[in-house]
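Notes to accompany the following structure.
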Amino acid sequence: MTDEELKQFKASLSITAVAQALGIDVVRGKFRCFCPQRHVHGDRTPSVSISEERGMFRCWVCDDVRGDVISLVQQYRGCSFLEALDWLKETYPFLVPGKGNRREAPPKAPSTTLMPIVIRPRPESKDAAFAGRFVDNIPEQKPVKEVVTEDERKKIILAFLKMLSPVDGTPAAAYLARRRIFKSVWDKMLLRTITDYDGLNRRLKDTYSMEVLQYVGLFNDKGNLRYYKHPLIFPYLDSQNRASHFQARALERSTEPKELHLRGTVPFPYNVSALDQKMGWIYLCEGVVDTLTMLQQDIAAVGIPGVRSFKADWVPLFKNKNVVLCLDHDEAGRKGMEYLQSVFGNAGIRTIILGDGLENLPAGMKDGQDVNEWFGGRK
């Protein structure tokens, strides 16, 4: 496995799912340390945090209990790097790069199993480098007690979304119109925007304690709503049209990062209801805006946050689908599509790359373009 293939393999793994497959009890992104003897009361309150987006774990007491998904396997099983990698390859064979790559003939234009639990004795901790892939727009959180239950957290997110405004007649609407995404799609996907930041900030503080707002991930460490520069909100709707996760988008070109996700794990691809387990084609896009662009064209599509954000847990969602890969037309996107071809191919799912003989679609995507630009969107 080359260095690039190793990066792709690690990025495709859910570190939470791997921890659970090892037999680690993960609750709200935290678990008890491998070295309880170093902790007061035996680490009764879990001190190890998982960052799903970074693919990292870290104990806030033990400096040597930290690392990436391979380090997690090494430390839990007390094995070498190569032994840990072999265990992951055996557990997730369909994610191993270089297996089952294939390209199929294109279609005409379109009109979870649980991981096995392996219980192992916990070893003494070993040194592990704190290295891996970082996502700047999702800050790391120190472990805290569970302030609200998961059901309560979801209710708070829904309540927050209900406090927001429809995008009609707002700067968010102008932004979407430049991207050639219009009201029919805004309404279908329940897009919302923040029109009165200060008022919303006060209302949330009056409704919930600061501890709850920070625990849920709506407020930052300075005690303010996180989305001052990211007022356009894309809810991630489940099959019942409910949202427990969302992505926020900046409207100004100079703002970096362009997007912010609610803290925590992205639960499923955007527009997951399109993955209905029925036979047919589905278009897999890079990002929400490209997905909305496809929906505007009446094309069934789902989105992933980025080239390397596809998770192993999501593969069963694509059962009975043929997948058209629509990542950005640049080097990273092309490598990502090659890798996804391998992932889906190993799971027996047919894939092609967008533009291969499709009818009624604009031709000749230029280097560096994304789907939205391909359909005439302007940034």
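Side notes on the structure shown:
- Looking only at the range 34-48, and only at residues there that are assigned to a loop (DSSP other than H, G, I, E, B) and within 22 Å of Arg263 (Cα to Cα), the one that is most open to solvent (accessible area, probe 1.4 Å): Thr45
- The residues listed here are Leu204, Leu237, Leu232, Leu213; of these, the one that is over 26 Å from Gly377 (Cβ atoms), surrounded by 18 or more Cβ atoms within 10 Å (Cβ to Cβ) and in contact with a strand residue (DSSP E or B) (Cβ under 6 Å, 6 or more places away or on another chain) is Leu213.
- Gly348 open to solvent by 50 Å² or more (accessible area, probe 1.4 Å), over 21 Å from Asn241 (Cβ atoms), of a type outside the set (Phe, Trp, Tyr) and assigned to a loop (DSSP other than H, G, I, E, B): yes
- Residue within the range 148-160 that is of a type outside the set (Gly, Ala, Ser), over 26 Å from Arg58 (Cβ atoms), part of a loop (DSSP other than H, G, I, E, B) and open to solvent by 10 Å² or more (accessible area, probe 1.4 Å) present: no
- Filtering the range 322-366 to residues that are among the hydrophobic types (A, V, I, L, M, F, W, C) and either modelled with pLDDT under 85 or farther than 16 Å from Ser309 by Cα (or both) leaves Val323, Val324, Ala332, Ala347, Ile349, Ile352, Ile353, Leu354, Leu358, Leu361, Ala363, Met365.
- Inter-residue pairs, beta-carbon under 8 Å, first under 18 Å from Ala301 (Cα atoms) and in the range 230-255, second basic (Lys, Arg), 6+ apart: Phe234/Arg249; Pro235/Arg192
- The residues of the range 284-316 that are surrounded by fewer than 18 Cβ atoms within 10 Å (Cβ to Cβ) and not in a loop (DSSP other than H, G, I, E, B) amount to a single one, Pro316.
- In the range 163-181, the residues that are open to solvent by 70 Å² or more (accessible area, probe 1.4 Å) and over 11 Å from Ile194 (Cα atoms): Gly169, Arg178, Arg180
- Positions within the range 49-87 being open to solvent by 10 Å² or more (accessible area, probe 1.4 Å), closer than 23 Å to Arg38 by Cβ and aromatic (Phe, Trp, Tyr), in sequence order: Trp60
The values are calculated or read from the model by the stated rules, or taken from the named source; none is laboratory data. Just so it is clear, the structure is predicted and the values come from calculations on it, not from any experiment. Cβ coordinates were reconstructed from backbone atoms using ideal geometry, including for glycine residues, and neighbour counts include every protein chain displayed. Just so you know, the surface numbers come from the protein's heavy atoms only, side chains and all, with ligands and any DNA or RNA stripped out. Shrake-Rupley method; radii C 1.70, N 1.55, O 1.52, S 1.80 Å.
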